[in-house]
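Shown next, in structure tokens, is the structure this report addresses.
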Amino acid sequence: MTPSAPKVSQRSALVALPIAHPLDEFYLKMGLRLPPIEQVRDEDVPEPYQTLLVHNDDMTPTLEKFYGETIHLEVFRREQRGDFYYREVVLLLDQNEKRVEFGAIKINLALFSSSARRQILQEHLPLGHILQECGMAHTSRPKAFLRVRADDFIKQSLKLSGDHWLYGRRNTLFDPGRRHLAEIVEILPPAQRASDPEVAI
């Protein structure tokens, strides 16, 4: 079920934030105030988030390696505007449905093959998995690393309780011609492997 969150009463209280794009567009459409978001230096991102976020790799294989499991999507909201496809999602481990990422993505479908577009619109596999499976050359370039205070909507999305400062990044994927394949906000829950003690933040 799609999570819900209290709506703010003043439209003027809703603010677009470049480092939160395209997540900010979903919040604006839902009439929600963005949670507190801070940009942090890459060296200030603590472990295990340093390992999970501060690199130029796709998040899907990074998370699959960390958790030792493959991953699929749950889509909360989507919208298509011409060739641009937006969705708000969580990533879940295949075996136990553990939620390992919350985020939003804007994809330029025109830059993908028909096979890749079909898989994207099937909304089961994360984009990183599709890019890998299709052998599509691309580069990943994080534009900002984020510290986010989880609001009710994010906590419901990730099945969290209590207060949390979470870490994430604003990332862009480019094709070999430096065209934007996708703009992504990726926010991670408190992260731990099954064998690790709980990570306190």
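The values are calculated or read from the model by the stated rules, or taken from the named source; none is laboratory data. As the structure is a computational prediction, the values presented were derived from the model and not from experiment. Heads up, the Cβs are rebuilt from the backbone with ideal geometry, glycines too, and the neighbour counts pull from every protein chain shown. Accessible surface areas use protein heavy atoms only, side chains included; no ligands, DNA or RNA. Shrake-Rupley method; radii C 1.70, N 1.55, O 1.52, S 1.80 Å.
Results, tabulated for the structure shown:
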| item | result |
| --- | --- |
| Using alpha carbons only: equivalent-ellipsoid semi-axes of segment 54-137, gyration tensor based, whole Å | 21, 15, 11 |
| Spacing of the two label points (7 Å from each Cα toward its C-beta) at Glu25 and Glu47, in nm | 3.8 nm |
| Stretchable slack from Asn96 to Asp83, in nm (0.36 nm times residue separation minus alpha-carbon distance) | 1.3 nm |
| Anisotropy class of segment 25-99 from Cα gyration tensor, a/c 1.5 cut | oblate |
| Helical contribution to [θ] at 222 nm, DSSP H n ≥ 4, -39,500 (n - 2.57), averaged over the chain, rounded to 500 | -6000 deg cm²/dmol |
| Normalised contact order of segment 42-201, rounded percent, pairs of Cα under 8 Å and 6 or more residues apart | 23 percent |
| Solvent exposure of segment 85-159 as accessible area per residue, Å², 1.4 Å probe | 40 Å² |
| Cα gyration tensor, segment 116-168 - rounded (a/c under 1.5), prolate or oblate | oblate |
| Neighbour cut-off at most 11 other Cβ (10 Å), DSSP loop, trypsin sites (Lys or Arg not before Pro), segment 31-105 | Arg41 |
| Rounded to the nearest 10 Å², the accessible area of His180 at probe 1.4 Å | 80 Å² |
| Shape parameters for segment 50-190, alpha-carbon atoms, Rg then Dmax in Å | 14.4, 44 |
| Rounded percent of accessible protein surface that carbon and sulfur make up, segment 47-201, 1.4 Å probe | 46 percent |
